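Visitor: Encoded as structure tokens, here's the structure I'll be asking about.
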Amino acid sequence: MIERSALARGRLHWVLVVDQDESVAGSLVRRFQERGLTAHATASCKEALRLASLRKPTLAIIDLMLRDMGGVELARRLRELDPELAMVVTTSDRRPALEVEARRVGIVHYAHKPLDLDRLDAVMTRAIHTLERGDQR
């Protein structure tokens, strides 16, 4: 469970979900909203980049298989916008080479579908704490 104290400390945290599967994206958005976060889902990499350039997300959850751009390429471009962005890559594909490629971009977690939502909560909490430690310096 995402700690409420982490959410209450002044910074607006939000999650960017990029997945062409509307049911997966919708369930993730609802999950994060239930935990007091703002979350936005899109199936478009172009829209994801636009949103991230307007307001830095705390966490991006990116499916590898997207229509307009590969998930790893999107992660690279998001990394260029924000070198500190915590990113989770999701996929149904079990090929190890894909995970290696995604990890080279600097993701914090590689998740196979179906997703472990409790694990995503832990990743989100860790991302919030990391940001807040950085803000205190």
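The values are calculated or read from the model by the stated rules, or taken from the named source; none is laboratory data. Note that the structure is a prediction, hence the values are computed from the model and not measured. Every residue, glycine as well, gets a Cβ built from its backbone with ideal geometry; the counts of neighbours run over all protein chains shown.
Visitor: Go through (1) surrounded by fewer than 22 Cβ atoms within 10 Å (Cβ to Cβ); (2) under 14 Å from the mean Cα position of the chain (by Cα) one by one and return the number of the condition ALA75 breaks.
Guide: Here ALA75 clears every test but (1).
Visitor: Ok, one more. Of all residues in the stretch 1-51, count the ones that are surrounded by fewer than 18 Cβ atoms within 10 Å (Cβ to Cβ), at pLDDT below 85 and not basic (Lys, Arg).
Guide: 7
Visitor: Still on this model: Does GLY106 satisfy the criteria of being on the phi > 0 side of the Ramachandran plot, out of contact with any Cys (no Cβ under 6 Å at 6 or more places or on another chain) and of a type outside the set (A, V, I, L, M)? Before the answer, list the steps.
Guide: Values: on the phi > 0 side of the Ramachandran plot: yes; out of contact with any Cys (no Cβ under 6 Å at 6 or more places or on another chain): yes; of a type outside the set (A, V, I, L, M): yes.
Answer is yes for this residue.
Visitor: When the residues of the stretch 91-108 are filtered to those that are assigned to a helix (DSSP H, G or I) and loosely packed, with under 11 Cβ neighbours inside 10 Å, which remaining residue is nearest to the chain's Cα centre (by Cα)?
Guide: Narrowing the stretch 91-108 to residues assigned to a helix (DSSP H, G or I): 96-104.
Of the ones still in play, those that are also loosely packed, with under 11 Cβ neighbours inside 10 Å are 96-97, 100.
Numbers: PRO96: 20, ALA97: 21, VAL100: 18 Å.
For the stretch 91-108, the residue satisfying everything is VAL100.
Visitor: Next up: Among the numbered conditions (1) assigned to a loop (DSSP other than H, G, I, E, B); (2) without any contact (Cβ under 8 Å) to a residue 40 or more places away in the chain; (3) within 17 Å of ALA127 (Cα to Cα), tell me where PRO57 comes up short.
Guide: (2)
Visitor: Considering only residues of the stretch 59-71 that are within 19 Å of LEU28 (Cβ to Cβ) and out of contact with any strand residue (DSSP E or B) (no Cβ under 6 Å at 6 or more places or on another chain), which is surrounded by the fewest Cβ atoms within 10 Å (Cβ to Cβ)? Show your work before the answer.
Guide: So the first thing to find is which residues in the stretch 59-71 are within 19 Å of LEU28 (Cβ to Cβ), and the list is 59-67, 71.
Now restrict to residues that are out of contact with any strand residue (DSSP E or B) (no Cβ under 6 Å at 6 or more places or on another chain): 65-67.
Values: MET65: 14, LEU66: 20, ARG67: 8.
My answer is ARG67.
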